[in-house]
Amino acid sequence: MQQKDALLMSSEEETATTVEQLKGSEILLNGLIAEGVDTIFGYPGGAIMPIYDALYDYQDQLKHILVRHEQGATHAAQGYARTSGKVGVVFATSGPGATNLITGLADAQIDSTPMVCITGQVFAHLLGTDAFQETDVINITTPVTKWNYQVTDASEIAEVLAKAFHIAKTGRPGPVLIDITKNAQLQLAAYKGYQKCDHIRSYRPTPIIRNNYIEQAAALINDAKRPFVLFGQGVLLGNAEQEFKAFVEKTGIPAAWTILGAGAIPTDHPLNVGMLGMHGNYGPNVLTNECDVLIAIGMRFDDRVTGRLDKYAKQAKVIHLDIDPAEIDKNVKAHVPVWGDCKETLPLLTVLVKENKHEEWLAKFNNYSKEEFAQCIDAEINPQSGELTMGEVINQLNQLTNGDAVIVTDVGQHQMVACRYAKFNHTRSNITSGGLGTMGFALPAAIGAKFGAPNKTVVAVIGDGGFQMTLQELGTIMQSGIDVKIMILNNQFLGMVRQWQELFHDRRYSFVDITSPDFVALAKSYYIDGKKISERTELKDALKTMLDHKGSYLLEVMVTKENNVFPMVPQGCSVSEIRLK
Amino acid sequence: MESKLEKKEFNITVYTENQVGLLSRIAIIFSRRKLNIESLNTSPSEVESIHRFNIVINETEEVVRKVARQLEKQVEVLKVYYNTNEDVIWQELALYKVPTEIIAEHVSVERLLREYGARAVVIRKDYTVFETTGHREETDALVVVLQQYGLIEFVRSARVAIIKASDGFHTKLKQFENREPGEPAAENEYLNNGDKVFTM
Ligand SMILES: Cc1ncc(C[n+]2csc(CCOP(=O)(O)OP(=O)(O)O)c2C)c(N)n1
Ligand SMILES: [Mg+2]
């Protein structure tokens, strides 16, 4: 019966030989729409012109944001992906357009950000001839993509695009690049509609969960006297915030975050004991070496988190929950590997663990926290005299936003200060370049973050150095009319490098003294309002003006030149050797 | 425990889709970690459309295990195994070109063939090409002998290896093709042997 139907179908199809013929570029745009894409960050050029030509007719369905540099497109797509949870999409031309994507791809790869980049390529018959604007994009991007593919025939486009989206967003997400030769963009091909991909035989994004490990993990947790949870971006990427909260609340285990995990539970949650790592909080670092069971959830034991590995949590039994089996045992040996999506594994674990409170153990964290407050936080966020500090700016900002804003940070001292002191009531609110530490990330990422979360206030916190790496994106803000608040914390230094030179290189300040243009005037030239302040008395009003302003606004805050970020785990030291000053 | 930290030869078998660009994606996993590939062979496998890489590296098991996981993580890689030399049957093929006149004058060709298991592939007036197949020591031994007789050219192939304990890939592939994988596809060498692997 079924077979007969199938036969009928195929003969019907044959007689109706009017399968739609579309250009490769149109197939691509139809595919993007079918994948639910509404925003593209891009920049045109010779080899991608047919796609841009087709885009001209799709403007009501696909919003294209013209950036000022392709690197900006990648970071904007990252910001978009990180706030929206969707896949960020980038268009760029061949050659220099494509090579300008590398930093953003590397950033997305190391921070597991789902992204699909489409690059134009020279005609297939010119490949390998050193044609105008030909670069070997596939080979250049191989180490910084989860997957990449070169399309040379229009008939491949729909299937390859479907694969790209499936790979970018499933399992451990990551960036994918499709390089499409110009002939494939122009060529006509039969288009039978777009079919999403949900299976690739060689690719297993969601592993089978092994109950024996869940049981072993639960047993360890139930017997633990001093258990400690470390959580990372895996919780956000798995949309497992609720499952995570249920787990820590039932077990009463203190939980600390990596900078990409910030916001998975609110900053003020009683079990949120703070930030891990080099500039993290005192208690979480010291007590890593005192806990008896360490439960790592969706984090990868980066060296900025662990410090010296051979002195890291050696006393603890380690339970590692991760979707990527290559992460298990990579840096820290796991006694119990819980391989899987934490959205699924956490609830299974929560069922098996006993309700508990670890009051004495939690009190230890609070004691360290008090000491840290007295010795470094208080002076940083509540200074009564002297120049403004970065910490007080962030603290004041918290009071005005109530922790509801999306904070996008660049890289350096201001980043560490913002991550330490910004308050997050919501998930997907701390957008920062973690693994790659890409200066220049914040401004374009903030643009994308706002497109991804249009109803939120988006504040980009940027250093005077990093702002000058991608400031051309002010043009993108101007032209798109997007509303982002730009806060430059100007210490007149490449501050983080200066801090290291002060502490570890005998104050030999080698090329960290950076001068800046008149940022406010620069913003004005892009028709963006702004103000520069340097007095404590002006701070609150200036922040209020920035937040209340209709549209984008740039606030430059002059801060102490030579402040250091503390606490600090010096490189090569153990987390328990963290210094408060 | 000790043996884990000791460098030795490992045979890595990688089952993959047959796709352009995969070779470099695989190669950079080694080069990024500054690991030297001793030998690399790509060939079809027992299953149509599935490719098989044989890679030999001299490393500790710890490093090899991490590399194997990174390999298996690649989208187009289906499965990765690593084995010591004792766990596999392996062979390398070597060709030797020597001047025919010297060989004919000085060497008892028959004896050579017998002792080294060699075979003459081509005999021409000007040169003769011998072939041997075997382990590295065997193919090397003949080089030493033939050097004395004006060895003109020598080349050895990459290693091919068959895993003694393997059932092949046919049933595994079926599992991979299913949307809901069964155990074979979902298995992970390392996670399955938790006791052995995850002790410190
Ligand atoms: C693209 C790039 N180049 C260089 C660095 C090294 N680096 C890390 S922090 C930093 C200083 C950043 O200075 P600034 O933007 O003023 O921020 P601050 O530390 O002063 O807050 C530098 C140069 C980097 N992270 N990224
Ligand atoms: Mg600075």
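Some notes on this structure:
- Calculated from backbone phi, Karplus (6.51, -1.76, 1.60) coupling profile of the stretch B:153-163 in Hz, x at Gly/Pro: 9, 9, 8, 10, 7, 5, 7, 10, 9, 10, 7
- In sequence order, calculated HN-Hα J values of the stretch A:335-351 (Karplus, 6.51, -1.76, 1.60; Hz; x Gly/Pro): 7, 10, x, 9, 7, x, 6, 5, 4, 9, 6, 4, x, 5, 6, 4, 4
- Residues B:LYS164 and B:GLU115, FRET efficiency given R0 of 30 Å [Cβ-Cβ distance, rounded to 0.05]: 0.60
- Anisotropy class of chain A from Cα gyration tensor, a/c 1.5 cut: oblate
- Taking every DSSP bridge with both residues inside the protein assembly as shown, close to 45 percent are antiparallel.
- Value of relative contact order over chain B, rounded to a whole percent, pairs C-alpha under 8 Å and six or more apart: 22 percent
- C-alpha long axis of helix A:241-251 to longest principal axis of chain A, angle in °: 40 degrees
- For chain A, the longest site-free run once GluC sites (Glu not before Pro) in DSSP loop states with at most 12 other Cβ atoms within 10 Å are removed: A:1-354
- The interface between chain A and chain B buries about 3100 Å² of solvent-accessible area in total (1.4 Å probe, ligands and nucleic acids excluded).
- Ranking A:GLN415, A:GLY280, A:TYR368 by how far each Cα lies toward the positive end of the dipole of chain A (charges on Cβ) leaves A:TYR368 at the top.
- Whether the stretch A:387-559 is rounded, prolate or oblate, judged on the alpha carbon gyration tensor where a/c under 1.5 counts as rounded: rounded
- Accessible area expressed per residue, the stretch A:211-364, with surrounding protein chains retained (probe 1.4 Å, Å²): 34 Å²
- Leading residue at positive end of dipole, chain B (Cβ point charges), from B:VAL98, B:ILE28, B:THR42: B:ILE28
- Among the protein heavy atoms of the protein assembly as shown, carbon and sulfur supply 50% of the accessible surface, probe 1.4 Å, non-protein parts ignored.
- Here the calculated FRET efficiency for A:LYS354 and A:GLN315, from their Cβ-Cβ distance with R0 = 30 Å, stands at 0.85, rounded to the nearest 0.05.
- Electrostatic dipole magnitude of chain A [Cβ: Lys, Arg +1; Asp, Glu -1; Cα centre; debye, to 20]: 1180 debye
- The stretch A:534-550-the stretch A:370-403 distance, computed between alpha-carbon centres (Å): 16 Å
- Computed 3J(HN,Hα) for the stretch A:489-501, one whole-Hz value per residue from the Karplus formula 6.51 cos²θ - 1.76 cosθ + 1.60 where θ = phi - 60°, is 9, 9, 9, 6, 8, 6, x, 5, 5, 4, 4, 5, 5, glycine and proline marked x.
- Interface residues, the stretch B:68-111 - accessible area loss of 20 Å² or more versus chain alone, probe 1.4 Å: B:ARG69, B:GLN70, B:LYS73, B:VAL75, B:GLU76
- Take every pair of alpha-carbon atoms less than 8 Å apart whose residues are at least six positions apart; their mean separation over the length of the stretch A:2-191 yields a relative contact order of 27 percent.
- Quotient of Cα Rg and 2.2 N^0.38 Å for the stretch A:2-191, N being how many residues it contains: 1.06
- Summarised as an ellipsoid, the stretch A:211-364 has semi-axes of 19, 17, 16 Å, derived from the eigenvalues of the Cα gyration tensor scaled by 5 and square-rooted, with the largest first.
- Contact order normalised by residue count of chain A, Cα under 8 Å, 6+ apart, percent: 14 percent
- Remark: the Cα gyration tensor places the stretch B:1-103 in the oblate category, a/c being 1.5 or greater and a/b not exceeding b/c.
- Proportion of all alpha-carbon pairs of the stretch A:505-581 beyond 14 Å (%): 74 percent
- By the helix-only formula, in which each DSSP H run with n ≥ 4 contributes -39500 (n - 2.57) and the sum is divided by residues, chain B has a 222 nm mean residue ellipticity of -9500 deg cm²/dmol.
- Contact residues in the stretch A:321-354 (at least 10 Å² less accessible area with all protein chains than alone, 1.4 Å probe): A:ASP324, A:PRO325, A:ALA326, A:ILE328, A:ASP329, A:LYS330, A:LYS333, A:ALA334, A:HIS335, A:PRO337, A:TRP339.
- Distance between the modelled labels on B:LYS4 and A:ARG508, one decimal in nanometres: 4.2 nm (7 Å Cα→Cβ projection).
- The Kirkwood radius of the stretch B:89-156, taken over pairs of alpha-carbon atoms, gives through the Stokes-Einstein law at 37 °C and 0.692 mPa s a diffusion coefficient of 279 µm² s⁻¹.
- At least 50 Å² of accessible area lost relative to the chain alone, listed for the stretch B:139-181 with a 1.4 Å probe: B:PHE176, B:ARG179
- Interchain or long-range residues, amide H under 5 Å from A:ILE295's placed H: A:PHE228, A:VAL229, A:LEU230, A:ILE319
- Remark: spin-label model distance A:HIS269-B:VAL143 equals 6.1 nm, labels positioned 7 Å along the Cα→Cβ axis.
- A simple charge model with +1 on the Cβ of Lys and Arg, -1 on the Cβ of Asp and Glu and nothing else charged puts the dipole of the stretch A:268-377 at about 240 debye relative to its Cα centre.
- Distances between placed amide hydrogens fall under 5 Å for A:VAL338 paired with A:HIS320, A:LEU321, A:ASP322, all partners being 5 or more residues away or on another chain.
The values are calculated or read from the model by the stated rules, or taken from the named source; none is laboratory data. No experiment lies behind these values; they were computed from the predicted model shown. A quick note on method: Cβ atoms are made from the backbone with ideal geometry, for glycine too, and the neighbour counts reach across all protein chains shown. With ligands, DNA and RNA removed, areas are computed over all heavy atoms of the protein, side chains included. Shrake-Rupley method; radii C 1.70, N 1.55, O 1.52, S 1.80 Å.
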